[in-house]
Amino acid sequence: MNSRALKSTSLALCVLACSVATQSQAGPLAPTKASQVVVLLPDGTECPGDVHGYAMRKMDAGNGTAVDFVIPAGQVLVVTGYVWRKTSVLAAGSAEDVILTSDAVTGESSFLSTDRGIVSTNATAGGNVTLSPGVIVQSGMQLCLTGGLVSRAYGFLAKDN
């Protein structure tokens, strides 16, 4: 191999090694403590936003109780998934849609996700949605889901850098 080809190969390997090293340092966003993991429940209050869903302002405390939940200042909620079940007035085989939003108290909504379930013969529809790598909800916002009161949202709190 001549000197010029050797230099080009060395340069290419150096660039590749540097880019791999940089990428491996970032790592996936994930909770670092169990206390950062949250399971949110609707509290029965309708959200004020454009899509009228139920506010997910209760958190499963892990002991059979639900406590009030707000996203702390300086943190974000990373929503990694949600499940929903809805009683429907539509005929079996029809589609029911749900929409997940983050809403401000002022009524502004940010669309996060949607899902569609098929109504069964017992007049219910439902779904289980994974949001990978997750969607971010800022402090001062609340999570809302049009899927009815039988729903859960899963995620974790992370520092807002």
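The values are calculated or read from the model by the stated rules, or taken from the named source; none is laboratory data. Please read all numbers here as calculations on a predicted model, not as lab measurements. Because the Cβ atoms are built from the backbone with ideal geometry, glycine has one as well, and the counts that use them run over all protein chains shown.
Brief remarks on what is shown
- Going through (1) farther than 18 Å from Ala73 by Cβ; (2) at pLDDT 95 or above one by one, Gly155 falls short only on (1).
- Residues of the stretch 90-110 that are closer than 14 Å to Pro48 by Cα and either in a loop (DSSP other than H, G, I, E, B) or hydroxyl-bearing (Ser, Thr, Tyr) (or both): Thr101, Ser102, Ala104, Val105, Thr106, Gly107, Glu108, Ser109, Ser110.
- Matching residues, the stretch 29-83, being hydroxyl-bearing (Ser, Thr, Tyr), within 28 Å of Asn161 (Cα to Cα) and either touching a Lys or Arg at 6+ places or on another chain (Cβ under 7 Å) or without any contact (Cβ under 8 Å) to a residue 12 or more places away in the chain (or both): Thr32, Ser35, Tyr82
- Within the stretch 91-113, residues that are within 15 Å of Thr146 (Cα to Cα) and in contact (Cβ under 8 Å) with a residue 40 or more places away in the chain have Cβ atoms under 9 Å from residues that are of a type in the set (Lys, Arg) and surrounded by 12 or more Cβ atoms within 10 Å (Cβ to Cβ) in these pairs: Val98/Lys86, counting only partners at least 6 apart in sequence or on another chain.
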